[in-house]
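Worksheet for the structure shown next.
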Amino acid sequence: ILRTTRFADSRTEAEPQFEKPEYFASMSYEDQLSFMQNAMKKAAQNLDFEAAIVIRDEIKELKARLKRSRGRKKK
């Protein structure tokens, strides 16, 4: 059992990556957000929940950046 557990612990699965198109960086934050939300929905519909989680986390980061950038503009 210990060998099996050690083997399982040593396995590292690559975290699913969200492939963004080349033009993604040139999109507005709002367009990026919309693109990522659609990608997350598609991943969930395809039962690729791990990818959907990765995209969800990236959406959270993008929303935080958007909120910070809007906060700077108001000052």
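The values are calculated or read from the model by the stated rules, or taken from the named source; none is laboratory data. Since the model is a prediction, treat every value here as computed from it, not as a measurement. Positions of Cβ are backbone-derived with ideal geometry, glycine not excepted, and every protein chain shown enters the neighbour counts.
Going by the structure shown, is MET27 at pLDDT 95 or above and either surrounded by 12 or more Cβ atoms within 10 Å (Cβ to Cβ) or touching a Gly at 6+ places or on another chain (Cβ under 7 Å) (or both)?
Values: at pLDDT 95 or above: no; either surrounded by 12 or more Cβ atoms within 10 Å (Cβ to Cβ) or touching a Gly at 6+ places or on another chain (Cβ under 7 Å) (or both): yes.
It is false that MET27 is at pLDDT 95 or above and either surrounded by 12 or more Cβ atoms within 10 Å (Cβ to Cβ) or touching a Gly at 6+ places or on another chain (Cβ under 7 Å) (or both).
Mind listing just one residue for me: the one in region 36-52 that is touching a residue at least 24 places away in the same chain (Cβ under 8 Å) and over 17 Å from LEU66 (Cβ atoms) and, of those, farthest from the chain's Cα centre (by Cα)?
Pass one, region 36-52, residues touching a residue at least 24 places away in the same chain (Cβ under 8 Å): 36, 48, 50-51.
Checking which are over 17 Å from LEU66 (Cβ atoms) leaves us with 48, 50-51.
On the way: ASP48: 13, GLU50: 10, ALA51: 7 Å.
Among them, the one singled out is ASP48.
If ALA52 passes every condition in (1) at pLDDT 90 or above; (2) aliphatic (A, V, I, L, M); (3) not in a helix (DSSP H, G or I) but one, which one does it miss?
Every condition holds for ALA52 apart from (3).
Output the residues belonging to region 34-59 that are more than 16 Å from LYS20 (Cα to Cα) and surrounded by 10 or more Cβ atoms within 10 Å (Cβ to Cβ).
Initially, region 34-59 is screened for residues more than 16 Å from LYS20 (Cα to Cα), giving 44-50.
Selection gives ALA44, ASN46, ASP48, PHE49, GLU50.
Which of (1) of a type outside the set (Val, Ile, Thr); (2) at pLDDT 90 or above; (3) not in a helix (DSSP H, G or I) does MET36 not meet, given it meets every other one?
(3)
Could you tell me whether ARG3 is surrounded by 10 or more Cβ atoms within 10 Å (Cβ to Cβ), at pLDDT below 85 and out of contact with any helix residue (DSSP H, G or I) (no Cβ under 7 Å at 6 or more places or on another chain)? Don't jump to the end; show me each part of the working.
Working: surrounded by 10 or more Cβ atoms within 10 Å (Cβ to Cβ): no; at pLDDT below 85: yes; out of contact with any helix residue (DSSP H, G or I) (no Cβ under 7 Å at 6 or more places or on another chain): yes.
When the stated conditions are applied, ARG3 does not pass them.
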